[in-house]
Amino acid sequence: GEDVEQSLFLSVREGDSSVINCTYTDSSSTYLYWYKQEPGAGLQLLTYIFSNMDMKQDQRLTVLLNKKDKHLSLRIADTQTGDSAIYFCAETGGYQKVTFGTGTKLQVIP
Amino acid sequence: KAGVTQTPRYLIKTRGQQVTLSCSPISGHRSVSWYQQTPGQGLQFLFEYFSETQRNKGNFPGRFSGRQFSNSRSEMNVSTLELGDSALYLCASSLAAANEQFFGPGTRLTVL
């Protein structure tokens, strides 16, 4: 079945860039997503990328997709304390069955 | 536009009972998906409904069921609750295709 892997934890200093990585196994993935979850809250969609793209930029967020290696990354520029949260990578091949990674907890040190 | 709403937000039940959770999607969204989130298993897909039809189902036992009404509101039912069913249950809605899913705040279910 589909599998999505992420590292569990990342710590960065405020103002630095954060890079969160993700690998997936499903070669038929159509959409790949990044979600943010703050304590006690649901998931917030940050951005998504189609599988036929290799990069997408949205303000401080940059998503890079290496389809050959099935590797997705999220770069957050000028990381702020408000960016502290758990970040989930997810993929789907269709019909809303979305497979999520384990989540990466981002800690921003002031 | 109002976001996805889930009721109740918190629920405490005992083993053997059943529970029904409700989700109201964003107005105009016809697809509703349900997920279970636990510390051990992470986020797992339960099922997805579109226009009152279940289109996809995850690997959960038959105790977990759902339905969708003509106004796109959805309910999820868990019968014969077990301790391991304690989790955050998240609902997400989208227009139709598998692009942007918007999540509700979740229902925190505790089974004692």
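The values are calculated or read from the model by the stated rules, or taken from the named source; none is laboratory data. Here the structure is a predicted model, which is why all the values come from computation and not from measurement. No Cβ is skipped: glycine too gets one built from the backbone with ideal geometry, and neighbour counts run over all protein chains shown. Note: areas computed on protein heavy atoms with side chains; ligands, DNA, RNA excluded. Shrake-Rupley method; radii C 1.70, N 1.55, O 1.52, S 1.80 Å.
If you find the alpha carbon centre of segment A:41-103 and of segment B:1-59, how far apart are they in angstrom?
22
Give the aspartates and glutamates reachable from A:Lys97 as a straight Cα distance under 14 Å; neighbours fewer than 8 places away on the same chain don't count.
Straight-line reach from A:Lys97, under 14 Å: A:Glu2, A:Asp3, A:Asp26, B:Glu48, B:Glu100.
Please compute how much accessible surface disappears when A pairs with B, both sides summed, using a 1.4 Å probe, and round it to the nearest 100 Å².
1700
Under unit Cβ charges (Lys, Arg +1; Asp, Glu -1), what dipole magnitude, rounded to 20 debye, does chain B have relative to its Cα centre? Numbers along the way, then the final one.
Working: 11 positive and 6 negative charges, 30 e Å.
About 140 debye.
If amide hydrogens are placed 1.01 Å from N in the peptide plane, which non-local residues have theirs closer than 5 Å to the one on A:Cys22?
Here A:Leu72 satisfy the definition.
Using the Karplus curve 6.51 cos²θ - 1.76 cosθ + 1.60 with θ = phi - 60°, what ³J(HN,Hα) values do you get for each residue of segment A:2-7, in whole Hz, with x for Gly and Pro?
3J(HN,Hα) across segment A:2-7, in whole Hz: 6, 9, 10, 10, 9, 6.
Under a cut-off of 18 Å between alpha-carbon atoms, report the lysines in cross-link reach of A:Lys56, not counting same-chain residues fewer than 8 places apart.
Here the lysines satisfying the reach criterion relative to A:Lys56 are A:Lys36, A:Lys67, A:Lys68, A:Lys70.
Skipping prolines and chain starts, which residues have an amide H placed within reach, meaning under 5 Å, of the one on A:Glu14, given they are 5 or more residues away or on another chain?
Hits under the 5 Å cutoff: A:Ile109.
Do you know which residues of segment A:69-100 lose at least 30 square angstrom of accessible area in the protein assembly compared with their chain on its own, with a 1.4 angstrom probe?
So the qualifying set is A:Tyr95, A:Gln96, A:Lys97, A:Val98, A:Phe100.
List the residues of segment B:32-73 that lose 30 Å² or more of accessible area once all protein chains are present, compared with their chain alone (1.4 Å probe, heavy atoms only, no ligands or nucleic acids).
B:Tyr35, B:Gln37, B:Leu43, B:Phe45, B:Arg55, B:Asn56
About its Cα centre, how strong a charge dipole does chain A have in debye, to the nearest 20, once Lys and Arg get +1 and Asp and Glu get -1 at the Cβ?
100
Which ³J(HN,Hα) values, rounded to whole Hz and listed in residue order, are derived for segment B:81-89 from phi using the Karplus coefficients 6.51, -1.76 and 1.60 in 6.51 cos²θ - 1.76 cosθ + 1.60 with θ = phi - 60°, glycine and proline given as x?
Going residue by residue, I get 4, 10, 4, x, 7, 4, 5, 9, 9 Hz, with x marking Gly and Pro.
How much area per residue is accessible in the protein assembly as shown when the probe is 1.4 Å and only protein heavy atoms are counted (Å²)?
That works out to 48 Å² for each residue.
³J(HN,Hα) across segment B:33-50 via Karplus (A = 6.51, B = -1.76, C = 1.60, θ = phi - 60°), whole Hz, x for Gly/Pro?
10, 10, 9, 10, 10, 10, x, x, 9, x, 9, 10, 6, 9, 6, 9, 10, 9
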